[in-house]
Amino acid sequence: MKAPPRTLAISLMRNDDIPRVLHVESLCFSTPWPRNAFHNELNDNKLAHYFVGRFEDEIIAYGGLWVVLEDAHITTVAVVPQQQRKRFGEQILIRLIEESIMRGARWITLEVRESNEAAQNLYKKYGFTVVSTRRGYYSDNDENALVMWAGNLKSDIYQNRLRALKESLC
């Protein structure tokens, strides 16, 4: 029998979290966001909502999104490599979806690397489907991005799916 997943303590990202978030970013991405990008998202972008996930009091994951009227756009999700495949990314994703719904979004979108099958499978599990491809989207290697959407987030069908997935995570 599979052991239950470990639980992240997820909270709003604060300015003093940025150094650790940048460390996680550098471990996960070949072209990490600069410090001022996170600072601007937290302090200047009223559409942005960012979260950190702590495990054993250390930030090991984070995610962010923008909510514009009825659409939410997941901008980033990351989990330190040595903690991947432990369902921490799934916990961050759930938090982002719930935040989107709470802020009135009916639809949610993201871009994912064409080669990142693990992430694609997670997103599909939560109702995302591929709707298009952005050619050469990633500047580090010109890899394509798959554009994925999920919705209607407020429907009974999606709410039941989300509830069942959350329960199965526990």
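The values are calculated or read from the model by the stated rules, or taken from the named source; none is laboratory data. This is a predicted model, so every value here is computed, not measured. We place every Cβ from the backbone using ideal geometry, glycine too, and count neighbours over all the protein chains shown.
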* Asked: Does the stretch 29-51 contain any residue that is more than 29 Å from Gln159 (Cβ to Cβ) and of a type in the set (Gly, Ala, Ser)?
  -> yes
* Only listed residue being modelled with pLDDT of 95 or more, more than 17 Å from Ala150 (Cα to Cα), of a type in the set (D, E, K, R) and surrounded by 13 or more Cβ atoms within 10 Å (Cβ to Cβ), chosen from Asp71, Asp17 -> Asp17
* Restricted to the stretch 7-23, and to residues that are without any contact (Cβ under 8 Å) to a residue 40 or more places away in the chain and among the charged types (D, E, K, R), which residue is nearest to Glu98 (Cα to Cα)? -> Arg14
* (1) closer than 26 Å to Trp33 by Cα; (2) in contact with a strand residue (DSSP E or B) (Cβ under 6 Å, 6 or more places away or on another chain); (3) at pLDDT below 95; (4) not acidic (Asp, Glu): which one isn't true of Gly151, the others all being true? -> (1)
* Could you say whether any residue in the stretch 59-68 is in contact (Cβ under 8 Å) with a residue 12 or more places away in the chain and either assigned to a loop (DSSP other than H, G, I, E, B) or among the charged types (D, E, K, R) (or both)? -> no
* Scope the stretch 45-58; condition surrounded by fewer than 19 Cβ atoms within 10 Å (Cβ to Cβ) and either in a strand (DSSP E or B) or among the aromatic types (Phe, Trp, Tyr) (or both); matching residues -> Ala48, Arg54, Phe55, Glu58
* Which condition breaks for Pro81 when tested against (1) crowded, with 16+ Cβ neighbours inside 10 Å; (2) touching a Cys at 6+ places or on another chain (Cβ under 8 Å)? -> (1)
* Structure fact -> Restricting attention to the stretch 68-83, the residues that are small (Gly, Ala, Ser) and more than 11 Å from the chain's Cα centre (by Cα) number exactly 1
* Residue among Leu65, Leu22 that alone is surrounded by fewer than 20 Cβ atoms within 10 Å (Cβ to Cβ) and within 16 Å of the chain's Cα centre (by Cα) -> Leu22
* Asked: Since Thr76 meets every condition but one in (1) part of a strand (DSSP E or B); (2) free of Cβ contacts under 8 Å to residues at least 24 places away in the same chain, which condition does it not meet?
  -> (2)
* When the stretch 24-36 is examined, which residues are found to be over 16 Å from Tyr138 (Cβ atoms) and touching a residue at least 24 places away in the same chain (Cβ under 8 Å)? -> Val24, Leu27
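Please report, ordered by residue number, the helices (runs of 4 or more DSSP H) entirely within the stretch 88-170 with at least 3 residues that are without any contact (Cβ under 8 Å) to a residue 40 or more places away in the chain, more than 15 Å from the chain's Cα centre (by Cα) and surrounded by fewer than 17 Cβ atoms within 10 Å (Cβ to Cβ).
Working: elements: 88-102, 117-125, 156-169.
Per the criteria, 156-169.
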* **Arg6 of a type in the set (D, E, K, R), surrounded by fewer than 20 Cβ atoms within 10 Å (Cβ to Cβ) and in a loop (DSSP other than H, G, I, E, B)** => yes
